[in-house]
Amino acid sequence: MQMEMGYGEEEAGSSSAPLKVAQCENGNDAIASCCASEVDGEEKDEEEEERKDGSDHEEIDGEDEEHEFVPGPLLSLKDQLEKDKDDESLRKWKAKLLGCVEATDGNRETEVIFHSIGIISDGCTETMTPLPITENQNSMLFSLKEGSQYFLKLKFSVRHNLVCGLNYVNTVWKKGVRVDQSRGMLGTFAPQQEPYEHLLEEETTPSGALARGLYTAKLKFEDDDKRNHLELNYCFEIRRT
């Protein structure tokens, strides 16, 4: 009887084990299905957020395109000066701001004419070189002492229309290696009969044995509309004394 009872206990134990396993497996399935539903829900929420973000971006882009600035047609300076010509105070203000109508010729395109470039430095006589430089002219613009300060001086005229944001880039090479590049803004100029004179920003020549010698350079002038008004290739020398 004891053996039968023990056996019966074993059977009961063995019969209960699969039930527990089945319950665990069902529990894991429930947990897995629950996690999967949560993940699916999160993915759906993320997709909805992405769609919302995408639609918001599209709306913003659409608003940017709608509000994109479109410049008006280019008018000649003469036409601008003739507007509101019955208003004497406004006419005088425009003439003072926009310049002389005799220099416009009814042309819409701005023309900047460079007449000369010079060098100003302490202990050195001011020199001026006519522009443009022809093939027969010497491209050596100046020779300066090492460690000295100097200015480049420009003389130019503006015709037909305003030139806005006239700026320059001056790039310097020595033996084919670029050693310096400077940028600067001249400003906005109205057409007038008399030429403008303008000094570029002060520069300092390097000093030392390695700094002495011959340099090549390119001076380029553009405006805000990226129109190229002058490209000047020139040379200069830095000496000891």
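The values are calculated or read from the model by the stated rules, or taken from the named source; none is laboratory data. All of these numbers come straight from a predicted model, not from anything done at the bench. Neighbour counts are summed over all protein chains in view; Cβ atoms, including those assigned to glycine, are modelled from backbone coordinates with ideal geometry. Quick note on the areas: whole protein, heavy atoms, side chains included, nothing else; ligands and nucleic acids left out. Shrake-Rupley method; radii C 1.70, N 1.55, O 1.52, S 1.80 Å.
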Q) Do any residues in the range 134-153 that are over 15 Å from E202 (Cα atoms) have Cβ atoms under 8 Å from those of residues that are among the hydrophobic types (A, V, I, L, M, F, W, C) and part of a loop (DSSP other than H, G, I, E, B), where the two are at least six apart or on different chains, and which pairs are they? A) S139/I133
Q. Which of the residues that make up the range 199-241 are under 25 Å from F114 (Cβ atoms), out of contact with any Asp or Glu (no Cβ under 8 Å at 6 or more places or on another chain) and among the hydroxyl-bearing types (S, T, Y)?
A. T204, T216, Y234
Q.
Exactly one of these conditions fails for V179: (1) in contact with a Cys (Cβ under 8 Å, 6 or more places away or on another chain); (2) over 23 Å from H115 (Cβ atoms). Give me its number.
A. (1)
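Restricting attention to strands (runs of 3 or more DSSP E) lying wholly within the range 152-241, give those where 3 or more residues are open to solvent by 50 Å² or more (accessible area, probe 1.4 Å).
Working: elements: 163-174, 177-189, 196-199, 213-222, 228-239.
It comes to 177-189, 213-222, 228-239.
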**Q.** Residue within the range 136-146 that is closer than 20 Å to D223 by Cβ and either in a loop (DSSP other than H, G, I, E, B) or of a type in the set (A, V, I, L, M) (or both) present
**A.** no
Q: Mind listing just one residue for me: the one in the range 97-121 that is modelled with pLDDT of 90 or more and under 31 Å from the mean Cα position of the chain (by Cα) and, of those, nearest to V158 (Cα to Cα)?
A: V112
Q: Find all pairs meeting these conditions: Cβ atoms under 6 angstrom apart; at least six residues apart or on different chains; first residue within the range 155-174 and in contact (Cβ under 8 Å) with a residue 40 or more places away in the chain and closer than 25 Å to T204 by Cβ; second residue part of a strand (DSSP E or B) and among the basic types (K, R).
A: V169/R183; V169/K220; T171/K218
